[in-house]
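S.K.: Got a structure for you, written out below as structure tokens; questions coming shortly.
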Amino acid sequence: MKTRFFVVLFILFGFYSCKNETGVSEDVSKIRINLAVIRFDKQFAEAKPGDIPLLKNEFPYLFPKKYSDSVWIAKLNDTLQKELLSEVNEEFPDFARETADLELLFKHILYYFPNYKVPKVITVISDVDYSNRVILADTLLLIGLDNYLGKDHRFYGGIEQYIAAGLDKDYLISDVASAFNKTRLRFPSDRTFLAQMIYYGKELYLKDMLMPLATDAQKIVYTTEELEWAQANEEQIWRYFIEQEILYSTDNMLVPRFLDPAPFSKFRLELDNESPGRLGRYMGWQIVRAFMNNNEVELNQLFELSAEEIFKKSNYKPKK
């Protein structure tokens, strides 16, 4: 009986999602794009030493001139490199699902930003450079697939758990959206905690627009449990921010405590170890959502509004 309930729930959720996507973004489905996706990781894995000059000619931006061909030939025969390539190929045998998700993301981007030039997508092996797992540069989007093998993969054994939690392909599209969003948003010159909260709130709200079928956990790169904790404790988090008078503080230590990636947020209370990191971003997101729900404002206008105006006109009230 329980299994049947979850099957029905899944079907209803899928129907609602499709219906909602059609209703909200019917015009998005009419947008046509020709997304070029090149599996450079596979091409390199299958290359022979004699292929290196050809690859360098086709992908010069992936072969720094300071390295001679012997370096790349050695890499072809490197045991660890071969293992990385093998694991990536097992996790991403055809990249079909990811290509479809990228196409949907870029269709939404074109809907809101019609002059945007869709980049060419190049998948690579980055030697688990998780700090640069997605690089968006003008007409190129580089995705290091070895950073999306799942949080428990043996390659991530030496990486802190809160970082490894985001090294999963469920967050790949969210990371691409973040890279795009950074090209549209200016980091505030106002150094108050509120201004920085609202900046991240804008970034996450833009994901609401560009990734309507994604979960909130995927957008903010939380586990389901972390998102549920933030939702359940939203009122307490807000009360703490108000009582400690930190909204207009310029204390730089608030950034690592509540905005930067971290294993938990630092209220300096017993509940700290239960909390996810970046709760300031989550709260900024809820304020921006409240603002957009209560005001008739275009997306591009939102980007230009000050944190103070957004906060005052949001009429934000935390969920109890």
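The values are calculated or read from the model by the stated rules, or taken from the named source; none is laboratory data. Because the structure is predicted, anything quoted here is derived from the model rather than measured. All Cβ positions, even for glycine, are placed from backbone atoms using ideal geometry, and neighbour counts span all protein chains on display.
S.K.: Could you tell me which of the residues HIS153, HIS108 is closer than 16 Å to LEU210 by Cα and not basic (Lys, Arg)?
M.R.: HIS108
S.K.: Follow-up. For the structure I just gave you, tell me whether ASP127 is part of a loop (DSSP other than H, G, I, E, B) and in contact (Cβ under 8 Å) with a residue 40 or more places away in the chain.
M.R.: yes
S.K.: Determine whether GLN218 is under 21 Å from VAL297 (Cβ atoms), touching a residue at least 24 places away in the same chain (Cβ under 8 Å) and polar (S, T, N, Q).
M.R.: no
S.K.: Hand me the list of helices (runs of 4 or more DSSP H) wholly inside segment 224-320 holding 3 or more residues that are out of contact with any helix residue (DSSP H, G or I) (no Cβ under 6 Å at 6 or more places or on another chain) and of a type outside the set (Val, Ile, Thr).
M.R.: Where helices (runs of 4 or more DSSP H) fall fully within segment 224-320 and carry at least 3 residues being out of contact with any helix residue (DSSP H, G or I) (no Cβ under 6 Å at 6 or more places or on another chain) and of a type outside the set (Val, Ile, Thr), they are 224-232, 234-243, 279-294, 299-304, 307-314.
S.K.: Checking the conditions here, which among LEU136, LEU149, LEU110 is within 17 Å of VAL88 (Cβ to Cβ) and of a type in the set (A, V, I, L, M)?
M.R.: LEU149
S.K.: Which of the residues spanning segment 68-100 are crowded, with 17+ Cβ neighbours inside 10 Å, part of a helix (DSSP H, G or I) and either at positive phi or under 20 Å from the mean Cα position of the chain (by Cα) (or both)?
M.R.: VAL88, GLU98
S.K.: Give me a count of the residues in segment 22-68 that are modelled with pLDDT under 90 and in contact with a Ser or Thr (Cβ under 8 Å, 6 or more places away or on another chain).
M.R.: 2
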